[in-house]
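Structure in structure tokens, see below.
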Amino acid sequence: MRYDSGVLRRSRVCSLAAVVIAAAACGLPPGPSDSPSSSSGLHGEITDPAGDTQSDARVRIAPDLIRATADVGGGNITVVIHFAPGTFDHQTTRVSVLLDTDLNTSTGIAQRPGLGADYGIDFVASTTLANVTRADPAGCAAQLSCFNVVGSAPITAGTDSMQVTVPLSLLGNADGRMAFAMNAYVLVATATAVVFDFMPDANQSPARVQ
């Protein structure tokens, strides 16, 4: 995937987890909940100020991340992402969630300080599924894809939110303790992504599920 150089200079460069090809658009079920019914007590949360998203003339609605939660229960992790009101376009918005599942910054892909991404979850609002990806350092070193798709999970979309529940078995049978961060982006061409917002910002530590 190629990134728009002008926007990336303004928005602190960060690689995306994977390219997800858009499928058929889905309807909007009731909004997701921040409280999964079954919880092991492992929880992570991250916030970001509203109004700090970038702008680009090619994109009508720029996604603005403001909050996300991650809860572990029943052998799954549930991630809920919230946007500032009116900034979630169900046809164009995408979010790349990066997961450091072994809490070791020297393994996986060094996407940002304090996080070695072992897995990722790529949300595409216009589809019914989120792709789960695994880091491929060897492939990345060869300038090919840094992440490979290993599975998928259904997306639940609300007015200003998206939610997905992923089996921990797709994340290397992780125990649920992990670090995570994310970015919101839009494809302006087949392989050209404009990143609009990072959560947390690049100068901040990633969130922890613990």
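Throughout, read-outs are computed from the coordinates displayed, never taken from laboratory work. Just so we're clear, the structure is a prediction, and the values are computed from it rather than from any experiment. Quick reminder, even Gly has a Cβ in these numbers, built from the backbone with ideal geometry, and neighbours come from all protein chains shown.
Given 0.36 nm per residue, what is the gain on full extension from Thr128 to Glu45 after removing their alpha carbon distance, in nm?
On the way: separation 83, 0.36 × 83 = 29.88 nm, distance 2.42 nm.
Contour length minus Cα-Cα distance gives 27.5 nm.
Can I ask one more? Sorted from fewest to most neighbouring beta carbons within 10 Å, what does the list Ser161, Ser205 look like?
Numbers: Ser161 19, Ser205 12.
Going from sparsest to densest Cβ surroundings: Ser205, Ser161.
Could you work out the Rg to Rh ratio of the range 89-210, with Rh taken as the Kirkwood radius (inverse of the mean 1/r over all Cα pairs)? Walk me through the intermediate numbers first.
Values: Rg = 14.0 Å, Rh = 14.8 Å.
A ratio of 0.94.
Note down the nm distance, to one decimal, between modelled labels 7 Å out along Cα→Cβ at Asp201 and at Ala138.
4.0
Which of Arg208, Arg60 has the fewest other C-beta atoms within 10 Å, and how do the rest follow up to the most?
Details: Arg208 17, Arg60 10.
Taking fewest neighbouring Cβ atoms as first place, the list is Arg60, Arg208.
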